[in-house]
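Reading through the structure tokens given below for one structure.
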Amino acid sequence: MLGGTGEQGRGLARRFALAGHQVVLGSRSAERALAAAEGLPGTVSGAANADAAAAADVVVCAVPWEGHKELLLELAPVLAGKVVVDCVNPLGFDKQGAFALAVEEGSAAEQAALVLPESRVVAAFHHVSAVLLLDETVASMDTDVLVLGDDREATDLVQALVGRITGMRGIYAGRLRNAHQVEALTANLISVNRRYKAHAGVRITDV
Ligand SMILES: NC(=O)c1ccc[n+]([C@@H]2O[C@H](COP(=O)([O-])OP(=O)(O)OC[C@H]3O[C@@H](n4cnc5c(N)ncnc54)[C@H](OP(=O)(O)O)[C@@H]3O)[C@@H](O)[C@H]2O)c1
């Protein structure tokens, strides 16, 4: 879990650990990662980002957009051959709320795929609220997760992983060239959250 000391990384780690998976939280500081792992249920450990990446077959990238490209460039050799799940939303914030940033490569997920040619990049978990993931009173996450990627085996694997989290369903939602609007939709969900005091997610009907 790259950036595993943040709310999103810790929250996903918590839910995967509850589902019986071993998780390694990654951080720029191994000490911070170890501290963040404390108190989480199941088998969650902490390590420097590179060591966390080396320890897993599936690596989730949960760092802020600002540090995304640099971190993935640095870790490209260790991420080779692995499935990399990107949940990064390139967003800006001003007085009017959240808005989608223009991304040169099209989306954060496409940037990851360009930087990691030897990895299989899948986009998922953009609309999952870290607050709910970490809330011990929330037993079921009750949301769909849009899963995008260019490698069928990798998207199938990530859909299955999503399905391990109680209440969640992974829905295939297209190739990485369509990741931009999935990342951008998060700005709309933040508007929903502000208006309705909610932690909104998405549900796909008729599937
Ligand atoms: N929060 C949510 O509800 C949510 C929902 C869906 C998707 N996301 C996406 O998930 C990602 C993480 O969100 P978050 O709220 O957990 O973010 P965050 O707390 O701001 O950052 C997560 C971790 O990333 C590391 N980090 C910070 N700046 C970095 C940099 N420049 N380079 C490398 N690592 C850096 C930090 O860990 P260390 O200092 O320990 O290295 C930090 O604890 C974001 O891209 C966000 O768009 C978030």
- request: Scan region 63-75 and give yes if some residue there is more than 7 Å from the ligand (Cβ to nearest atom), among the basic types (K, R) and within 14 Å of the chain's Cα centre (by Cα), otherwise no.
  value: no
If we take region 74-116, then strands (runs of 3 or more DSSP E) inside it with 3 or more residues that are farther than 28 Å from A55 by Cβ are 91-94, 97-100
Going by the structure shown, is L71 in contact (Cβ under 8 Å) with a residue 24 or more places away in the chain and among the hydrophobic types (A, V, I, L, M, F, W, C)?
yes
All-but-one check, V59 against (1) in contact with a Leu (Cβ under 9 Å, 6 or more places away or on another chain); (2) away from the ligand (no atom under 14 Å from the Cβ); (3) in contact (Cβ under 8 Å) with a residue 24 or more places away in the chain; (4) more than 22 Å from G201 (Cβ to Cβ), failing number (2)
Residue set G170, G106, G163, G201; condition at pLDDT 95 or above and surrounded by fewer than 16 Cβ atoms within 10 Å (Cβ to Cβ); output residue G163
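The values are calculated or read from the model by the stated rules, or taken from the named source; none is laboratory data. This is a predicted model, so every value here is computed, not measured. Positions of Cβ are generated from backbone atoms using ideal geometry, with glycine treated the same way; all protein chains shown enter the neighbour counts.
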